[in-house]
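Asks: Can you read through this structure? Questions will come right after.
The values are calculated or read from the model by the stated rules, or taken from the named source; none is laboratory data. Owing to the predicted nature of the structure, the values given are computational and were not obtained by experimental measurement. Cβ placement follows ideal geometry from the backbone for every residue including glycine, while neighbour counts extend to all protein chains displayed. To get the accessible areas, we keep the full protein, side chains included, count just its heavy atoms, and leave off ligands, DNA and RNA. Shrake-Rupley method; radii C 1.70, N 1.55, O 1.52, S 1.80 Å.
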Amino acid sequence: MELVLLTALGVGGATVFGTLIGFAFKKISHRFSDIVLSFAAGVMLAAAVLGLILPAVETGGRFGLLWAIVGIFAGALCLNLIDKLVPHLHKLAGVDREAHHNANLSKVLLFVTAIAIHNLPEGIAAGVGFGTGDPAQALIIAGGIALQNIPEGMVIIGPMLAAGVSPKRTFLCAALTGLVEVVGTLIGYLAVHVAAAILPFALAFAGGTMLYVISDEMIPETHAHGHERGATYALLVGFCVMLITDVLLG
């Protein structure tokens, strides 16, 4: 349980770390951000397939494949529903960064709320990974999610400061989005340990949410600023790093 708590704090703390980078380097280039986010997408893609979906098939017995497919679509549909209620990064990142105090404040608050809401299923995915009984695999999954949270924390800074939110409140808002992920990690861990029978579905559900985030949010965001080629290779590098790590630890 101590390892799970430390992992939860690490996953949530990655957003705070990204926020600190955002404060230190307020003008981070799109190229750098796209490369980092694409690398994280590659790690998350491999983690979703190798660490969540394939174990879902293996632990589900004769109906493992069916549970995996149902879980993947359930996870994707869940985030799709959330997106309809609260759009996320690529739909809200266009907030005018030159706006003054009140001009875009409502959009900025919606932007931060969207990140917080989306962090919950991402945190759950990190916690569910511990249900496989393989701590190393779970830590890799959590690491991929944490990598994605760093650039997410970085992009929170600009719109909030431009809207007139004080640096202190900006940091607190970012910390709260990270706290949501900590809570999600603990929920995922407790869910699969209290009800072990749901493990195959829960693993696939978590994998489905990660696939949805990668396809619907991360890839469009990294391919929207003219750095598609670099972003694509960064994704492949991230995937291969995760693949090598999985083989070496397997």
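Asks: Filter segment 16-33 down to the residues that are at pLDDT 85 or above and open to solvent by less than 30 Å² (accessible area, probe 1.4 Å), then identify the one that is nearest to the chain's Cα centre (by Cα).
Replies: The extreme case among them is 18.
Asks: Does segment 123-138 hold any residues that are part of a helix (DSSP H, G or I) and either hydroxyl-bearing (Ser, Thr, Tyr) or at pLDDT below 80 (or both), and which are they?
Replies: Within segment 123-138, 131, 132, 136, 137 qualify.
Asks: Quick check, is residue 194 in contact with a Phe, Trp or Tyr (Cβ under 9 Å, 6 or more places away or on another chain), over 19 Å from residue 83 (Cα atoms) and open to solvent by 70 Å² or more (accessible area, probe 1.4 Å)?
Replies: The answer is no for residue 194.
Asks: Does residue 80 fit the bill of being open to solvent by 40 Å² or more (accessible area, probe 1.4 Å), in a helix (DSSP H, G or I), within 23 Å of residue 45 (Cα to Cα) and modelled with pLDDT of 75 or more?
Replies: So residue 80 passes the test.
Asks: Here's something else I'd like to know. Could you figure out which of (1) in a helix (DSSP H, G or I); (2) modelled with pLDDT under 80; (3) open to solvent by 30 Å² or more (accessible area, probe 1.4 Å); (4) among the acidic types (Asp, Glu) isn't true of residue 152?
Replies: (3)
Asks: In segment 40-62, what count of residues is obtained for those that are touching a residue at least 60 places away in the same chain (Cβ under 8 Å) and open to solvent by 60 Å² or more (accessible area, probe 1.4 Å)?
Replies: Residues flagged as touching a residue at least 60 places away in the same chain (Cβ under 8 Å) and open to solvent by 60 Å² or more (accessible area, probe 1.4 Å) within segment 40-62 amount to 1.
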